[in-house]
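Here's the structure we're looking at; comments come further down.
FYI, it's all coordinate maths here, none of it is from the lab. Computed from a prediction, not measured in an experiment: that's the story for all the values here. Heads up, the Cβs are rebuilt from the backbone with ideal geometry, glycines too, and the neighbour counts pull from every protein chain shown.
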Amino acid sequence: MIGVTGSTGRLGSRIARLLAEAGLPQRLIVRDAERAPALPGAEVAQAAYGEQALAGALDGVETLMLLSATESADRVALHQATVEAAVAAGVRRIVYTSFLGASPGATFTFARDHWQTEEHIRSLAVDFTFLRDNLYLDFVTGLVGEDGTIRGPAGDGRVAAVARDDVAAVAARVLLD
């Protein structure tokens, strides 16, 4: 059984759809069950990161597709609590959407957050795969000003943006193999 968090979102829903197309049983772990996609072979469990309900939602899950939580001040703590709940429930492998350049000294704040989550996963008795995505291509369009200039948190830096469909395809392949 594969558990997929964030399956109501733009990336998680794509991953869940690809797993359904491959005929894999999965559990969609969502905050709002009414928003969960209706997919063949998928069951729905309602739980949010860090909640007690995760214990039941993760019961019987062997591999967890852990999409990073929405940006917030307590995101790392939510990730860590979710990882601990997964290990306590018997999850044997975590596939986590991290970020390119995740490290303790990363200039981009969220890359440091992802590194903290990676380190927490590494510290536990669980197999793992980290998918280090870059900015999503559809996100970059929101950084374009009326003058046509792209403005973002990197100053004059460069970005190699990635399509969510490509990330979903890679994540599904990692989960299948």
**Label corresponding to volume of the Cα convex hull per residue in Å³ when calculated from the structure given, among (i) 133; (ii) 104; (iii) 119** = (iii)
**Asked** Which residues' amide hydrogens lie under 5 Å from the amide hydrogen of Val95, considering only partners 5 or more residues apart or on another chain, with H built in the peptide plane?
**Response** Leu64, Met65, Leu66, Thr129
**Asked** Quick one: length gained pulling Leu100 to Arg31 fully straight, 0.36 nm per residue minus the C-alpha distance?
**Response** 22.2 nm
**Request:** Exposed loop trypsin sites (Lys or Arg not before Pro) only (DSSP loop, at most 15 other Cβ atoms within 10 Å): please give the longest stretch of the chain free of them, not including the sites.
**Result:** 32-91
**Item:** Glu146-Glu71 pseudo-label distance in nm [points 7 Å out on the Cα-to-Cβ vector]
**Value:** 2.3 nm
**Request:** Please compute the Cα-Cα pair-distance distribution of the range 58-140 with 10 Å bins starting at 0, giving whole percents from short to long.
**Result:** 18, 52, 25, 5
**Item:** Magnitude of the charge dipole, the chain, Cβ model with Lys/Arg +1 and Asp/Glu -1, debye to 20
**Value:** 200 debye
**Request:** Output the antiparallel fraction of DSSP beta bridges having both residues in the chain, as a percent to the nearest 5.
**Result:** 5 percent
**Prompt:** Most mobile of Val44, Val30, Val140 per a Gaussian network model of the chain (Cα springs, under 10 Å)?
**Reply:** Val140
**Request:** Please give the contour-minus-distance gain from Glu21 to Arg158: 0.36 nm per residue of separation, less the Cα-Cα distance, rounded to one decimal in nm.
**Result:** 45.8 nm
**Request:** Compute the signed sum of charges (Lys and Arg +1, Asp and Glu -1) over the other residues within less than 14 Å, Cβ to Cβ, of Ser103.
**Result:** 0
**Asked** What relative contact order, as a whole-number percentage, does the range 74-177 give when Cα pairs under 8 Å and 6 or more residues apart are counted?
**Response** 25 percent
